[in-house]
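Below is one structure, written out as C-alpha cells; comments come after it.
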Amino acid sequence: MQPLQLHKASAATEANGGEAELRAFFVACQRSAKALLHGEVNPLDLLFPGGDWSVAEALYEHNPISRHVNALAASLVGDWASATVGPLRVLEIGAGIGSATAALLPVLPVDRTRYLFTDVSAFFHPGARRKFAAFPFVQYGVLDALRDPLAQGFLPESFDLIVAANVMHNAADPAAALARLRPLLADGGRLVLIEATRNTRAHAVSVGFIEGLSGVTDGDDGPFLPLPRWLDALDKAGFADAAASRFRRGWHRFRPRHHRRPRAAA
Ligand SMILES: C[S@@+](CC[C@H](N)C(=O)[O-])C[C@H]1O[C@@H](n2cnc3c(N)ncnc32)[C@H](O)[C@@H]1O
C-alpha cells in the first residue's frame, strides 16, 4: 500500500467548514432537547430541515474533519485506481448524501469505472443524481447493509472496492455485518471503511437521536466502537492486513486480507 499522502488531504481542510449550518443545527437540537427525548420531534427534520441537505453536508462533508478524512480516502482510492489495470467496480454502501462519494468520484477514471451508489432505500437517489450529474459512470441502487447482499440480488465477487462511510456503526453486530459484505469482493478487492471511534456528547445530543444510532446495543456508551474493537470485528469477519489511518483518535479505514493476490499495488 502506498503511504498516505497527507499533503493532498490537508489542502482540503482550508475551505469553508459549514460552521453556520453546524451552529444552527446544534442550537436547534438544544432547543428541541426535551421534545427529542420524548420522541415528539423527528431528529431527521433537524438534520434535513425542509428536505434541505446543507446541514447534513456541513456535518458529514464540509467541516474540516470530514474534509480531511474524505480526502485521505480519496488519496488512497486514487492510488489504488492508478495502480490497477482494467475495469474498476466500486460499491458504496450507505452513501446517503454522498459526502465520501463527492471526494472519491473525481479520482476515479471515467472510462473504466462503474460506481454503484447505494443506500438502504432510494430516498437519496434524486438528490444524488443531481449532485453527481457530472459523473456518467455512477449508477444508483438499494442495499441494506445489515442484511445478506447475496439475498438482495448482488452477485459474489462482483466488486473490486467497497466503500462504507459512517454507516457500519448502525450494525448491532459489526463483525457479522462486515462478514456478509466480504463475499461481494473479487480477488484482490479492497474495503475502505470510515468510522468514528469515539462517542461524544455532541453526537449524543444531536444525531444520536436518529433511530439507526439509538437502536445500537454493541457499544460501551454509544454506537461508535474504539479502534481495537473495529479491528477485532474486521478480523472476525475475515478482513485483516488492515491499514488504519488514525485522525484525532477518531477515523480509520481498512483493506481485507482474504484475497490471495491483491489487485492494487501493496
Ligand atoms: C451518517 S449517514 C452517512 C452518509 C454518507 N456515507 C456520508 O458519510 O456522508 C448514514 C447513512 O447510512 C444509511 N443507512 C442506515 N442504515 C443502513 C442500512 N441498514 N443499510 C444501508 N444504509 C444504511 C443512512 O440512510 C444514511 O444515508
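The values are calculated or read from the model by the stated rules, or taken from the named source; none is laboratory data. Remember, it's a predicted structure, so these values are computed and weren't measured experimentally. Here the Cβ is made from the backbone with ideal geometry for all residues, glycine too, and neighbour counts use every protein chain on show.
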Only one of these is buried (at least 16 other Cβ atoms within 10 Å of the Cβ), within 12 Å of L91 (Cα to Cα) and either of a type in the set (D, E) or more than 13 Å from the ligand (Cβ to nearest atom) (or both): L181, L185. Name it.
L185
Breaking point among (1) within 12 Å of the ligand (Cβ to nearest atom); (2) closer than 22 Å to A100 by Cβ; (3) at pLDDT below 90, for V192:
(3)
Give just the number: which of (1) closer than 18 Å to W53 by Cα; (2) over 13 Å from the mean Cα position of the chain (by Cα) does D144 not satisfy?
(1)
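Could you check the stretch 118-127 and list, in sequence order, the residues that are outside any loop (DSSP other than H, G, I, E, B) and within 10 Å of the ligand (Cβ to nearest atom)?
Our first condition is that a residue be outside any loop (DSSP other than H, G, I, E, B); within the stretch 118-127, this holds for 118-119, 125-127.
The answer is T118, D119.
Report yes if some residue within the stretch 87-94 is within 11 Å of the ligand (Cβ to nearest atom), under 23 Å from L184 (Cα atoms) and surrounded by fewer than 23 Cβ atoms within 10 Å (Cβ to Cβ); otherwise report no.
At the first step, the residues of the stretch 87-94 found to be within 11 Å of the ligand (Cβ to nearest atom) are 92-94.
Keeping just the survivors that are under 23 Å from L184 (Cα atoms) gives 92-94.
Filter once more, so that each one left must be surrounded by fewer than 23 Cβ atoms within 10 Å (Cβ to Cβ): 94.
Yes, the conditions are met somewhere in the stretch 87-94.
Quick check on A56: is it in the same structural domain as G18 (by TED's automatic domain parsing), within 10 Å of the ligand (Cβ to nearest atom) and of a type in the set (A, V, I, L, M, F, W, C)?
Numbers: in the same structural domain as G18 (by TED's automatic domain parsing): yes; within 10 Å of the ligand (Cβ to nearest atom): yes; of a type in the set (A, V, I, L, M, F, W, C): yes.
Yes; evaluated as a whole, the condition is true for this residue.
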Scanning for something within 16 Å of the ligand (Cβ to nearest atom), without any contact (Cβ under 8 Å) to a residue 60 or more places away in the chain and surrounded by fewer than 16 Cβ atoms within 10 Å (Cβ to Cβ), does the stretch 27-46 turn up at least one residue?
yes
Residue satisfying all of: in the stretch 95-117; assigned to a helix (DSSP H, G or I) and among the hydroxyl-bearing types (S, T, Y); farthest from the ligand (Cβ to nearest atom) among these:
T101
Keeping to the stretch 128-149, report how many residues are more than 13 Å from the ligand (Cβ to nearest atom) and either crowded, with 20+ Cβ neighbours inside 10 Å or not assigned by TED's automatic domain parsing to the domain that holds A171 (or both).
1
